[in-house]
Amino acid sequence: MARALYIHWPFCLAKCPYCDFNSHVRERIDADGFGAALLADMLYEARLAATEPLTSIFFGGGTPSLMPPALVGHLLAEAEKLWGFDPAIEITLEANPSSVEAANFSTLAAAGINRVSLGLQALDDRTLQFLGRLHGVEEALAALDVAQKHFDRVSFDLIYARPGQAAQEWEAELRRALSFGTGHLSLYQLTIEPGTRFATLVRKGELVPLDDDAAGDLYALTAEVTGAAGLPAYEISNHARPGEESRHNLAYWRYDDYVGVGPGAHGRRNGFATQRHRKPENFVAAVERNGHGLAEERALGLREQASEALLMGLRLREGVDLSALAARFGLARPALIDLERVAFYRDLGMVWERGGSIGVSPEAMPLLDALLAELVPAELVMP
């Protein structure tokens, strides 16, 4: 049953140096035509997955904070008609911390947005330039101030474990971030993805990533500082005051169904994985032709669903209820998890068991990927 809705706005209005949406840059957008396609796509999904009121809506993608507020309001009004809204619904907008986007915050709040997630990424200009960001710290903090004036809940992200970053430098930056008073922080370690500019620099020897031990120390420091400040980690990279966890991301990590509409959007619905056409023009053409923007709708086997649920759920501090998963997917506990490896890592203090649940200890979270490969049976992961 889908209780979360993801709406993807793929358009960027400037070249984006850090994502792959450069082909979607548009100086002008037919907002009415694209909005009509989004509404039709939403209606199609609601006919298949409108069973309970929505608890979360998330506007993400290219530059969703530059969506026409009237369109945002129209989409929200239609979603409420189709699904109904939980009284405490979280409606999040992803935004870059620029003055141009901050100028829209008041009208977007009036349209129904009640939470914003800002991509600050760093609190010094030199690092922002290194990361390829278009904003500076002064502009970003001004946008954060505007966001805090207009939205009930505000989150922002930072990237750490950067090349050459010392513990005292990161601690100072993190304490400054906490001083702004937001109830949620997303704190990601820098990763070198294949095919990126950073990967090319590493290959040429022009960039030396922080080694694993130093990165692990920074992770422990992060957990200590945020926990003491009242924003403990509830997921490997996300920290929040109790009650301010991202309800939308929790839907992903708890493996709840969620509807995805708009170009490139993914979804999980009634045992199916869905994906929309990625290119906006192809998405609109598909909606006009078929009444929806689906490019692929694939049935997931029970083992594949169980694997996804484990790989997502073990990211959470709360862990995974194995008894509930076994009942949900009709699989015995030994088919879900390698009980011998669980016992081995439990004795090392890296894994915990409580009742029918299992989780990764906070100290072992930096080794999560390696632990998942050990704990989740290969035959469950393989299609």
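The values are calculated or read from the model by the stated rules, or taken from the named source; none is laboratory data. Just so it is clear, the structure is predicted and the values come from calculations on it, not from any experiment. Every residue, glycine as well, gets a Cβ built from its backbone with ideal geometry; the counts of neighbours run over all protein chains shown.
List of remarks:
- Looking at 319, 262, 293, just one residue is modelled with pLDDT of 95 or more, crowded, with 16+ Cβ neighbours inside 10 Å, more than 19 Å from residue 48 (Cα to Cα) and of a type outside the set (A, V, I, L, M, F, W, C), and that residue is 319.
- Verdict on residue 227 being part of a loop (DSSP other than H, G, I, E, B) and among the small types (Gly, Ala, Ser): no
- Filter result (crowded, with 19+ Cβ neighbours inside 10 Å, of a type in the set (Val, Ile, Thr) and either closer than 20 Å to residue 59 by Cα or over 14 Å from the mean Cα position of the chain (by Cα) (or both)) within the stretch 225-259: 226, 259
- All positions within the stretch 236-251 that are assigned to a strand (DSSP E or B) and either more than 19 Å from residue 90 (Cβ to Cβ) or out of contact with any Asp or Glu (no Cβ under 8 Å at 6 or more places or on another chain) (or both): 239, 240
- Failed condition for residue 270, given (1) over 18 Å from residue 249 (Cα atoms); (2) free of Cβ contacts under 8 Å to residues at least 40 places away in the same chain: (2)
- Selection status of residue 311, surrounded by 17 or more Cβ atoms within 10 Å (Cβ to Cβ), among the hydrophobic types (A, V, I, L, M, F, W, C) and farther than 28 Å from residue 217 by Cα: no
- Listing of helices (runs of 4 or more DSSP H) fully contained in the stretch 69-116 that carry 2 or more residues being small (Gly, Ala, Ser) and outside the structural domain of residue 153 (by TED's automatic domain parsing): none
- When we screen 181, 164 for residues that are more than 24 Å from residue 193 (Cα to Cα) and in a loop (DSSP other than H, G, I, E, B), the only hit is 181.
- Which listed residue, of 301, 330, is exposed (fewer than 14 other Cβ atoms within 10 Å of the Cβ), on the phi > 0 side of the Ramachandran plot and either under 20 Å from the mean Cα position of the chain (by Cα) or not β-branched (Val, Ile, Thr) (or both): 330
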